[in-house]
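Below is one structure, written out as C-alpha cells; the observations come after it.
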Number of protein chains: 2
Amino acid sequence: MSRSIAEELAKKQKEISVSEFFERNKQILGFDTLTRSLLTAVKEGVDNSLDACEEADILPEISVIIKQVSRNQFQVTMEDNGPGIVKKQIPHIFGRLLYGSRFHAIRQSRGQQGIGISAAVMYGQLTTGKPTTVRSKTAKEDVACEITLMMDTKRNRPDVLKEDFVIWEGKEHGTRVEMYLKGKYIRAKQSVYEYLKGTAIVNPHAQITLTEPDSTKTEFKRVTEKMPPSTCEIKPHPEGIELGILMKMAKATKAKRMSSFLTSDFSRISSRVAKEICEKAEIEPTMKPTRMKLDDANRIIDAIKEIRIMAPPTDCLSPIGEILIKKGLKNVLEDARPDFFAPPVTRDASVYSGNPFQVEVGIVHGGDLPPEGQVKILRFANRVPLLYQQGGCACTAAVENVDWRRYGLEQRGGKGIPYGPAIILIHVASTKIPFTSEAKEAIADITEIREEIERALRACARRLQIHIKKKVRKKKTKEKFDIVQTILPKIAEKSAKIVGKPVPKLEPIITKIMNVVWIEDSVEFKDGKHHVTISIYNYTPSRKKFNLYAVVPAESVEEKSFSLKPNRIRKSGKMRWELKSIPSTQKLDITFSLKGLDKEDFDETEVYVSGINPVQVIGAEPLPGDWDLDEEIQETTTIEDFVEEEDEKEEVEENENGLEEISKKENEVEEVMEND
Amino acid sequence: MSRSIAEELAKKQKEISVSEFFERNKQILGFDTLTRSLLTAVKEGVDNSLDACEEADILPEISVIIKQVSRNQFQVTMEDNGPGIVKKQIPHIFGRLLYGSRFHAIRQSRGQQGIGISAAVMYGQLTTGKPTTVRSKTAKEDVACEITLMMDTKRNRPDVLKEDFVIWEGKEHGTRVEMYLKGKYIRAKQSVYEYLKGTAIVNPHAQITLTEPDSTKTEFKRVTEKMPPSTCEIKPHPEGIELGILMKMAKATKAKRMSSFLTSDFSRISSRVAKEICEKAEIEPTMKPTRMKLDDANRIIDAIKEIRIMAPPTDCLSPIGEILIKKGLKNVLEDARPDFFAPPVTRDASVYSGNPFQVEVGIVHGGDLPPEGQVKILRFANRVPLLYQQGGCACTAAVENVDWRRYGLEQRGGKGIPYGPAIILIHVASTKIPFTSEAKEAIADITEIREEIERALRACARRLQIHIKKKVRKKKTKEKFDIVQTILPKIAEKSAKIVGKPVPKLEPIITKIMNVVWIEDSVEFKDGKHHVTISIYNYTPSRKKFNLYAVVPAESVEEKSFSLKPNRIRKSGKMRWELKSIPSTQKLDITFSLKGLDKEDFDETEVYVSGINPVQVIGAEPLPGDWDLDEEIQETTTIEDFVEEEDEKEEVEENENGLEEISKKENEVEEVMEND
C-alpha cells in the first residue's frame, strides 16, 4: 500500500506560482468580503500614490472615483499627480506580484511588499474577467502612455493586451489606474470613505477627492502645504539582527575588512564600536568578511548584544506628531465633547530585529462620548489607517494589557478592551511594520513593539489622570476659597462692629487658612497667535521658591514674547523657570505667545512644579521623576529631561538672569506692599 | 525634480523572490515571537506527518523531540511512520516555498499551501545558520536516504549540502526531520505541549510522543485503531465560483461541449442541471468550452445563482464528531466539573465560493468552571488546534455576535466575548480553510462561514438551555410530587380515621393534582454497553397518545435490544416512537442498549415529544419545529428531519408494528388494572 503512495504523492508534487497561491487565497491579501475587497483595492492604490508623491517631493492630489457597473461590480479609478512610472515598468508593477521598489529600502513607507496594487489587478480580473488600464506620464515625456493589462497567474507575469501613447490634457505628470472588481459599497465604518477620511487626517498635506457611486463628491482638503519631513533610507541597525541576515550581508559586502564591513554596512557602528565588537567576538578586525564562518557570526551576534549601541537614527521615521493626533481625534469626535483630552505621547524611537520604530498615542475621555460599549481604538501604521483585523493586532493586545481601571474605565479583572467613554489613537511608524499578513491590517504581536505601545498608553493615560486630578482638586480648592473669601470678610466686619474696632487685614489670615500656591493657566487665541498666561498666586504665609515647568507644542514659542524668560527651553517645547522668590500673598504672571498653530491646536498648557511640597500646589502637578516614562517599566536608554549635565554651565548663567528678573519683580511687589 | 524621480524609482524596481519576501516577513508565517516560532515549526512537521499517514491509510506514530542546544537555540526532531518521500522530491519539499502536493486537490487536509515545512527550514537557517537534515524511507526501497539541505532564499531553491543512503534500523517506512532553530520552550497555553495535546484529542487514531528539553517524555496514546473516514477529492462546486476560475477551467477542460464541461468538471451538476444552466444562460450546450467569452461566463455565473444545485458531497470532509468533541472538552476540563454539557452540534455541510465546509460546536457550562473572566474558546480547523490569533478569527467573531445573555452568560450589550463559566469548542472542516495568513492560525471572516458558526453556536446554546430548563423544571415538579405524595396519604389517612371510612384510592387524586406526563431517562454502563431506560409515567387523568423522540450517538444502537421497537430509526441516531395510548396512572418503560462506546461517551439521552401539550410534559422538551436549525436564521436547504415524504410508506409499515406492540402493552396494562 504505502509502496505506491510515496510515488503517487511524488507525482502530485508541483510548484505553485505565487500568483496562483494568492488567487486561491485572496483573503490573505485583504480580499475576503465584498466590502473589504473594494476598500483594499482603493487602499493599495492610494497608499502607492502617497508614497510616490512623497518620494518625489510633490504635494499629493489624489482622486478616487467609484462607479457601480452592475449589482456587485464596480469600476474604480484612481488618479494622482505623482512622478509617473516609466513605460516599461508599468506591466511589471501592475501585473506581477512581489515586484516593487521599496522592498529593500530601509525607510518608512506605506508599501513595502510589491504585492498591493498588482493584487488588486488580480482580484479585479478574477472576479470580473476584465483587464486593468494604467495611464502614466512622467515629467520628461511629452505624452502619457496607456497600457491595458491582465496578470497571467500561472506564470506571475503581466499580459499586455494593448499599449498606446496618448495626450493627457493638463497633466504634467501622474498616474491613473482604472479597474473593475466585484465589491459592495458602504459608507459605515470599515469603508472607503472612512479610510480616506483617516488618511486625510494623518496626511494633511494631501488633497484627496472621493466620488461615490451615487455621485456624491467629497473633498478632503489639504490643510498644510508643508510636506511631512522626508524620511531617509538607513542601513540596518545591528540590534536584534538575525544570524542568517548577517551572514548574507557579509557575503555580499564590498568592504574588505570586518571592521569596515561593520561600520559601513550598519547604522550606529562607529569604528570604536566596531573595534569593540571584534574584540569581544575574538575576530581579527582585518579579517575578510566573506570568510566569516557560522561560529564567527554567532560570536558577533553575542558581542552586539553585550555592547551598548546608540539607538537608530530617527530621520528614517515620520511620526504623525502631537498636533495632528489631536486633530485626528477631534475629527473623529465630530460633535461629541469629551471632558478630557490627554496630551498625546510620542515615544522616542526604539528597535526590533534591527528595525527602528516609534509609537504615538492620544486619548480622549469623558464628556458625551458614549459611556456604554468598548472604547474605540483607532490604529495607524506608517500614516495609514488600519480598519480590519483589530482583534489580531499588537495595538489591541497592548490596550488589553493595560489596567485601565486606574484611569476610570471599566475593565473586568484589569484585562481586555476596557469599556467606557474614551477613544484611543495609536500610531506605529517603522521602516518595516511587521504585519500579520499581506493585507497589512494588523501588526504582529512582536514583544518589543507591544511593550512600547503599552508604555505609550500608560504614559498618555497618566497624563489623562493628572489632568483629571488637577481639575478635580482645583474645583475643590476653589470652593474652599470662595467660602473663605465670602464668609471671612463678613465675620470680620461683624466682629469689628461688635467690639468697635476697625476691620482687620484679612489676607494673612486667608493665606493661613488656604496655605496653597495657586497656579492658573489660560490660553487666548488672538491675531493668529495663542497668548498664554500662567498666573502663580502665593497664598501661603511665607516666601516661596520653586521651579515651574511648562510644555507647549515644539518650535511654536515666540522667544521674544516672554514676560519672564525661562531659564531653559528645549526643542521639544519643554521650558523651565526657576522662581527664586514669590512673597506671601503676591501674584506672578508669566505670559508668552505661540505662533504658527491653528486655533484648535492648543487650548491648555501642561504645567509642572518641583522643589516645593506638591500638596501645597494647586493647578500644577509635581514634575514626574521619569517625565515621559512609565514608572512600571524599566528603561535602559537615557531620555531627554530637564537636567542634563553638559548644559549645567549654560544653565547657571540663565539662572542668574532669571534671578535678576525675579528680584526685579520682587522689588516691584515689595514696593506695592509698602505703598499699601 | 520629478523628471529624474520616475527613472530613479524605475531603477529600484526589482523582483522579489517569494522566499526573500517571507524571510523578511517571517511573522506572517507564524515565526514572530520565540515561543510561537518553536510551536509553528513543530506544527508544520506534525501536520504534514498526519496528512501523509492518512493519505497512505497508515495509523500514525509520531515522535517529537526537542533539545535545548544553547540559551535560545533548540534542536527539533520529528519522526513519523508515514509512506516516506521519494528521494528526488525531498529537496523541493523541504527547501522550496510554494511547492507541494495538496494545493490543487479539493479535499480536507491540514497542509494545503506548500509553505509550512519549508518555511520552518528557512526560519531555522535564518536564526541559527544551520541546515536541516531529512531522512526518509519508502516501503519500496531497502535503505533510507538522508539529505542535508538549506534553502537558497534568493532563488527559492534547495541547496543540497550532503546526500547519502543509510540503513534505518527497524523502520519500514517513514520520514524524520531534524532542524535547529531559535526559540523559547514553555509549557503554558500556546505551547508545543498544548498543541500536541489538542491534536491528540481530535486525532485519536494517532500515537504521539513528545520529549521535552528537560527529557520529560509524554505519550499521547492512540485510543482508537479506527482511521478517520478517509476523505475523497471532489470537483469544485459551482456555487460561488469566481468568474476568473470558471474561465480558466473552460480553457483547460478536456470536454468538447459546454454541457459535458459542466457535468464533468464540477460536482453536483447533473445533465439535467447542465441543460438548465445552458438554457438560462442562453448558451448552446454544444458550444466548445474553449470558445467561452467573458459575457458567456457572466451569464453562466448568473444562471448558477438562480438554479437550485445540490449541496456538495460531504465525503470530502471529516468532521470530528460529537463523541470526540465531548472527549475533547472533557480533556480540557481536567478536574473541573461543569453543571451542563450541551450535546455537541454538527451542522450539515455548506459552501462558500465553491468550497464545502462543515461546522461543529460543543459547549460546557457552569459547575466549578471559573466564573470570572471571558469564556474559553477552543478553535480547530481541519482537526488542527488553532492557538494564536484568536482575536482575528471568524470563530471569535461568531462568538461575539451571539447574544449569550439568553444563555445565562454575562455580556455587555449582547456583543463581544461573554464572561462566565463556559468553554466553547468550535471546529471548521473544509476542503479549503480560508486562513487569514500563511501561519494558518485564524479563519478569515467570510460571511458564509461566520454565519454557519453562529448558527451552530446558537443551536448548541439552545440545547444547553433546554438542558438547563429541563433540569430546573424537573427539580421543581419533583418537589411538588414529593409533597403531594407524602402529605396527601397522611391527610387521607387522618380524614378516613375521623369519618371512620376506608382510606380512599389516591392515584386518581394525585394525577388530578399533578396532571403531567413524567419522562425520565437513565443510562447504565455494564458489560461494555450502555443500557438506556426511558420511563414514561402518565400522571394525568386521561389516556395519552403522543410521539416520543430520542437521540443517541449514530450507529451505536443495538437493534435487537429494544423493549419497544421505534417506528423510525435514522442513521443520525434519531428515533421516534408513536405511543398510541398510555392509560392514566400507568407507566411505560422503553429500554435498549448502545454498543461500541466508551463509558464517558454517553451519559444522557436527548428526549423530545410531539403531539401533546408540552406544558403537560416534564422531562422532555417539545420537538423543535426546526430540529437542528436556528430559528433566527432562514435556511434554504432542506434538512433531514423526522418527516420525509419518500419514506412515508415504509413508515406506515413500521407504525403498524409499533401499533401492535403498543396495543400489546396496553392490554398488559389493562390486565394489571383489572387485577387491581
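Taken together, A:LYS327, A:LYS305 contain a single residue that is surrounded by fewer than 16 Cβ atoms within 10 Å (Cβ to Cβ), among the basic types (Lys, Arg) and assigned to a helix (DSSP H, G or I), which is A:LYS305. You will find that of A:SER584, A:SER542, A:SER535, the residue that is over 29 Å from A:ASP348 (Cβ atoms), open to solvent by less than 50 Å² (accessible area, probe 1.4 Å) and part of a loop (DSSP other than H, G, I, E, B) is A:SER584 and no other. Could you check, for the range A:420-436, whether at least one of its residues is within 23 Å of A:ASN331 (Cα to Cα) and in contact with a Ser or Thr (Cβ under 8 Å, 6 or more places away or on another chain)? Checked the range A:420-436: at least one residue is within 23 Å of A:ASN331 (Cα to Cα) and in contact with a Ser or Thr (Cβ under 8 Å, 6 or more places away or on another chain). Filtering the range B:412-440 to residues that are open to solvent by 10 Å² or more (accessible area, probe 1.4 Å), in contact with a strand residue (DSSP E or B) (Cβ under 8 Å, 6 or more places away or on another chain) and within 11 Å of chain A (Cβ to nearest Cβ) leaves B:ARG412, B:GLY416, B:ILE417, B:TYR419, B:LYS432, B:PHE435, B:THR436, B:LYS440. Only one of the numbered conditions (1) out of contact with any Lys or Arg (no Cβ under 9 Å at 6 or more places or on another chain); (2) more than 20 Å from B:ALA620 (Cα to Cα); (3) open to solvent by 20 Å² or more (accessible area, probe 1.4 Å) is not met by B:ALA496, and that is (3). Scanning the range A:396-416 for residues that are closer than 20 Å to B:ALA444 by Cβ and out of contact with any Asp or Glu (no Cβ under 6 Å at 6 or more places or on another chain) yields a count of 1. When A:VAL359 is tested against (1) open to solvent by less than 30 Å² (accessible area, probe 1.4 Å); (2) under 27 Å from A:ARG110 (Cα atoms); (3) within 9 Å of another protein chain (Cβ to nearest Cβ), only condition (3) is not met. Within the range A:280-298, the only residue that satisfies the criterion of being under 39 Å from the mean Cα position of the chain (by Cα) and open to solvent by 80 Å² or more (accessible area, probe 1.4 Å) is A:LYS280. When A:LYS665 is tested against the conditions (1) under 28 Å from A:PHE481 (Cβ atoms); (2) of a type outside the set (A, V, I, L, M); (3) buried (at least 16 other Cβ atoms within 10 Å of the Cβ); (4) modelled with pLDDT of 80 or more, the lone failure is (4).
The residue list A:GLU23, A:GLU44, A:GLU54, A:GLU8 contains one member that is more than 7 Å from chain B (Cβ to nearest Cβ) and either β-branched (Val, Ile, Thr) or within 17 Å of A:LYS197 (Cα to Cα) (or both), which is A:GLU44. For the range B:270-294, filtering for residues that are among the hydrophobic types (A, V, I, L, M, F, W, C) and either in contact with a His (Cβ under 9 Å, 6 or more places away or on another chain) or part of a helix (DSSP H, G or I) (or both) leaves 5.
Within the range A:26-39, the residues that satisfy the criterion of being assigned to a loop (DSSP other than H, G, I, E, B) and either in contact (Cβ under 8 Å) with a residue 24 or more places away in the chain or more than 7 Å from chain B (Cβ to nearest Cβ) (or both) are A:GLY30, A:PHE31, A:THR33.
Out of curiosity, is A:VAL399 touching a residue at least 24 places away in the same chain (Cβ under 8 Å), of a type in the set (Val, Ile, Thr) and within 14 Å of chain B (Cβ to nearest Cβ)? Yes.
Free of Cβ contacts under 8 Å to residues at least 60 places away in the same chain and open to solvent by 10 Å² or more (accessible area, probe 1.4 Å): is that true of A:GLU55 in this structure? Against the criterion (free of Cβ contacts under 8 Å to residues at least 60 places away in the same chain and open to solvent by 10 Å² or more (accessible area, probe 1.4 Å)), A:GLU55 qualifies. More than 20 Å from B:GLN374 (Cβ to Cβ) and either open to solvent by 40 Å² or more (accessible area, probe 1.4 Å) or hydroxyl-bearing (Ser, Thr, Tyr) (or both): is that true of B:ASP482 in this structure? Here the answer is yes, as B:ASP482 does meet what is asked. Test A:GLU322 against the criterion of being acidic (Asp, Glu), surrounded by fewer than 23 Cβ atoms within 10 Å (Cβ to Cβ) and without any contact (Cβ under 8 Å) to a residue 60 or more places away in the chain, and give yes or no. When the stated conditions are applied, A:GLU322 does not pass them. Residues in the range B:255-269 that are of a type in the set (A, V, I, L, M) and assigned to a helix (DSSP H, G or I) were compared, and the one that is surrounded by the most Cβ atoms within 10 Å (Cβ to Cβ) is B:LEU262. Criterion applied to A:THR199, A:THR133, A:THR128, A:THR148 was being hydroxyl-bearing (Ser, Thr, Tyr), within 27 Å of B:ALA250 (Cβ to Cβ) and open to solvent by less than 10 Å² (accessible area, probe 1.4 Å), and the one residue passing it is A:THR128. Within the range B:37-57, the presence of a residue that is more than 22 Å from B:ALA381 (Cα to Cα) and not small (Gly, Ala, Ser) is excluded.
Within the range A:325-346, the only residue that satisfies the criterion of being under 13 Å from A:ARG463 (Cβ atoms) and of a type in the set (D, E, K, R) is A:LYS326. Being within 14 Å of chain B (Cβ to nearest Cβ), surrounded by 23 or more Cβ atoms within 10 Å (Cβ to Cβ) and assigned to a loop (DSSP other than H, G, I, E, B) is a condition met by no residue of the range A:448-455.
Quick check on A:SER63: is it assigned to a strand (DSSP E or B), more than 12 Å from chain B (Cβ to nearest Cβ) and of a type in the set (Gly, Ala, Ser)? Here the answer is yes, as A:SER63 does meet what is asked.
Filtering the range A:66-90 to residues that are of a type outside the set (Val, Ile, Thr), more than 10 Å from chain B (Cβ to nearest Cβ) and surrounded by 20 or more Cβ atoms within 10 Å (Cβ to Cβ) leaves A:PHE74, A:MET78, A:GLU79, A:ASP80.
Only one entry in B:GLN68, B:GLN27 is among the polar types (S, T, N, Q) and modelled with pLDDT of 95 or more, namely B:GLN68. For beta carbons closer than 7 Å, sequence separation of 6+ or different chains, a first residue in the range A:508-531 that is open to solvent by 60 Å² or more (accessible area, probe 1.4 Å) and a second that is part of a helix (DSSP H, G or I) and of a type in the set (D, E, K, R), the qualifying pairs are A:PHE525/A:LYS599. Within the range B:187-227, track down each residue that is under 11 Å from B:GLU61 (Cα atoms), part of a strand (DSSP E or B) and touching a residue at least 40 places away in the same chain (Cβ under 8 Å). Within the range B:187-227, B:GLN207, B:ILE208, B:THR209 qualify. Report yes if some residue within the range A:100-112 is open to solvent by less than 30 Å² (accessible area, probe 1.4 Å), within 12 Å of chain B (Cβ to nearest Cβ), at positive phi and in a loop (DSSP other than H, G, I, E, B); otherwise report no. Within the range A:100-112, not a single residue is open to solvent by less than 30 Å² (accessible area, probe 1.4 Å), within 12 Å of chain B (Cβ to nearest Cβ), at positive phi and in a loop (DSSP other than H, G, I, E, B). Within the range B:133-140, does at least one residue satisfy the condition of being away from chain A (no Cβ under 13 Å), over 33 Å from the mean Cα position of the chain (by Cα), of a type in the set (Lys, Arg) and part of a strand (DSSP E or B)? Checking the range B:133-140: at least one residue is away from chain A (no Cβ under 13 Å), over 33 Å from the mean Cα position of the chain (by Cα), of a type in the set (Lys, Arg) and part of a strand (DSSP E or B).
The values are calculated or read from the model by the stated rules, or taken from the named source; none is laboratory data. This one's a predicted model, so the numbers in the text were calculated from it and none came from an experiment. Positions of Cβ are backbone-derived with ideal geometry, glycine not excepted, and every protein chain shown enters the neighbour counts. For accessibility, only protein heavy atoms count, side chains too; no ligands or nucleic acids. Shrake-Rupley method; radii C 1.70, N 1.55, O 1.52, S 1.80 Å.
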